[in-house]
1. Between ALA171, ALA139, ALA34, find the one with the highest GNM mean-square fluctuation for the chain; connect C-alpha pairs within less than 10 Å.
2. Just to be sure I understand the rule: take each whole DSSP H helix in the chain, project its Cα atoms onto its long axis, keep it if the span is 30 Å or more and its mean Kyte-Doolittle hydropathy is at least 1.0. Which ones pass?
3. Using 30 Å as the Cα-Cα cut-off, could you pick out the over-long pairs in LYS103/LYS151; LYS82/LYS177; LYS103/LYS211; LYS82/LYS191?
4. Note the per residue figure in Å³ for the convex hull of the C-alpha positions in the chain.
5. Need one number for the stretch 107-164: average projected area of the convex hull over its C-alpha atoms, nm².
6. Work out the charge dipole of the chain with +1 on the Cβ of Lys and Arg and -1 on the Cβ of Asp and Glu about the Cα centre, then indicate which of LEU38, VAL22, GLY140 is farthest towards its positive end.
7. Using the per-residue mean of other Cβ atoms lying within 10 Å as a proxy for protection, in what order, highest first, do the peptides 117-124, 131-138 fall?
8. Which value in deg cm²/dmol, rounded to the nearest 500, describes the helix-derived mean residue ellipticity at 222 nm for the chain, given -39,500 (n - 2.57) per DSSP H run of n ≥ 4 and division by the residue count?
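Each value in this text was obtained by applying a stated rule to the coordinates, not by laboratory testing. A quick note: this is a predicted structure, and the numbers were derived from the prediction, not measured. Cβ placement follows ideal geometry from the backbone for every residue including glycine, while neighbour counts extend to all protein chains displayed.
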Amino acid sequence: MSLFSYGFIFTLLVQFAFAAHVIRSGRSYLWILAIILLPWVGCAAYLIFAVLPDAATSAPARKLADNVVNTVDPGRGYREKKRQVELVGSVQAKRELAQECIKRGYFQDAIDLYQSALSGGFENDSALLHGLARAKLLAGDGAGAQAAYEKLKAADPVAFSAEAELDYARALALQGKNDEALLQYETVLPKYPGEEARCRYALLLQQLGQKERAQRVFREIVESVRGAPSYYRSRQREWYRIARQNLGG
């Protein structure tokens, strides 16, 4: 087969790929006409004026752009979200700013934003309730976090996830409700993915003087992580380190 034949087949394959993209994306069939009549010019125009703008506004592209911006100007994301709250004041804008506040350790600001959003007719919104509960927990308000998690569970039991259950146990422990916290930890342990729940449970056992039980759990964590695939070891590095540090003998 000659080089001309290979080039012709390659051109047809490129045209077919671009035409299929036009159909899948629901764009005007005039693009297909341009791709057929002017193969390389039509394909190039479609790539520049249709495909690339879509890629630039896709979720992965936005996330990458946000990461680059935050690296160059760490405060920009916070300022932009704060400006959106000031200009728009929507529930979504408040929730996004509250999440940014939590990342930056502005826990009371996050609490205020979540409470403001909830008071606007979204009293049982599970995402807002979960965010409020976590902000209160991180702010050291165990009782407030417990109340928010209980409201979340009542409003949407499905949203009371393993992560929420773990934080609920932490909220109980924060108040010194140790027996309740231990029971809650034991409830969440079988369903929690990763070693954080076991590690926090062992730390509470150790704090309460139940050293033998704590050592057994720390040992289980170390053995579990050591025998796991590399991706799991990487994700659980922090809890493995804590377990090793607290493992006697």
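1. Result for the chain, Cα springs under 10 Å: ALA34 fluctuates most.
2. On the way: long enough: 3-25 (33 Å, 1.43).
Result, helices passing both filters: 3-25.
3. LYS82/LYS177; LYS103/LYS211; LYS82/LYS191
4. Given the Cα convex hull of the chain, per-residue volume reads 227 Å³.
5. Projected area, direction-averaged: 3.4 nm².
6. LEU38
7. Highest to lowest by the protection proxy: 131-138, 117-124.
8. On the way: 16 runs with 191 residues, N = 249.
That calculation yields -24000 deg cm²/dmol at 222 nm.
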